1. Using DSSP, restrict attention to beta bridges with both residues in the chain and report what percent are antiparallel, rounded to the nearest 5.
2. Give the distance, in whole Å, between the Cα centre of region 17-32 and the Cα centre of region 41-65.
3. What residues have an amide H closer than 5 Å to that of Y99, excluding those fewer than 5 places away on the same chain, when H is modeled at 1.01 Å from N in the peptide plane?
4. Can you list the HN-Hα couplings for region 14-29, worked out from phi with the Karplus curve (6.51, -1.76, 1.60; θ = phi - 60°), rounded to whole Hz and with x for Gly and Pro?
5. For region 4-115, what % of the accessible area comes from carbon and sulfur atoms, probe 1.4 Å?
6. With θ taken as phi - 60° and the coefficients 6.51, -1.76 and 1.60, list the Karplus ³J(HN,Hα) couplings across region 55-68 in order, rounded to whole Hz; mark glycine and proline as x.
7. Measuring with a 1.4 Å probe in the full set of protein chains, what accessible area per residue, in whole Å², belongs to the chain?
8. For L47, L80, L18, L11, what's the largest-to-smallest order of accessible area, 1.4 Å probe?
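The values are calculated or read from the model by the stated rules, or taken from the named source; none is laboratory data. Note that the coordinates shown come from a computational prediction; the quantities given were computed from them, not determined experimentally. Here the Cβ positions follow ideal geometry from the backbone for every residue, glycine too, while neighbour counts run over all protein chains shown. All accessible areas refer to the heavy atoms of the entire protein, side chains included, with ligands and DNA or RNA removed. Shrake-Rupley method; radii C 1.70, N 1.55, O 1.52, S 1.80 Å.
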Amino acid sequence: QVQLVESGGGLVQAGGSLRLSCAASRSLVSINAITWHRQAPGKQRALVATITSGGNRDYADSVKGRFSISRDNAKNTVYLQMNSLKPEDTAVYYCNAYYRQRDYWGQGTQVTVSS
């Protein structure tokens, strides 16, 4: 099993920055991929960013050039650096771990971007 705990959400003005953290209960090296997703009110959960155990990264078109995913293996933590935030980035952000052919989710952290 994998437990995930997100943190770092909050209220920020448009154009501002936030860094989200996703702390995992086991070594990141053992996890195939960690992804960040977000869900805005009335919308489906959507993939935002991916980082694999091999270090490959990928982003949704809507956040390319503004968001950056990274990891600290020593801390078993994945980060999502969010810059140039827009009101449409407002959502609950969740991290996900794909481990041994199962998906594990954190509880989510709220990000609110005011205009």
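1. Numbers: 39 of 43 bridges.
Roughly 90 percent of the beta bridges in the chain run antiparallel, per DSSP.
2. The two parts, judged by their Cα centres, are 14 Å apart.
3. Distant-sequence amide H within range of Y99: Y104.
4. 3, x, x, 10, 9, 10, 8, 10, 10, 8, 9, 8, 9, 4, 5, 4
5. Details: 2640 of 5830 Å².
So the carbon and sulfur contribution to the accessible surface is 45 percent.
6. x, 6, 10, 8, 9, 5, 4, 5, 10, 4, x, 10, 10, 9
7. Values: 6080 Å² over 115 residues.
It amounts to 53 Å² per residue over the chain.
8. Details: L47 90, L80 0, L18 30, L11 130 Å².
Largest accessible area first, the list is L11, L47, L18, L80.
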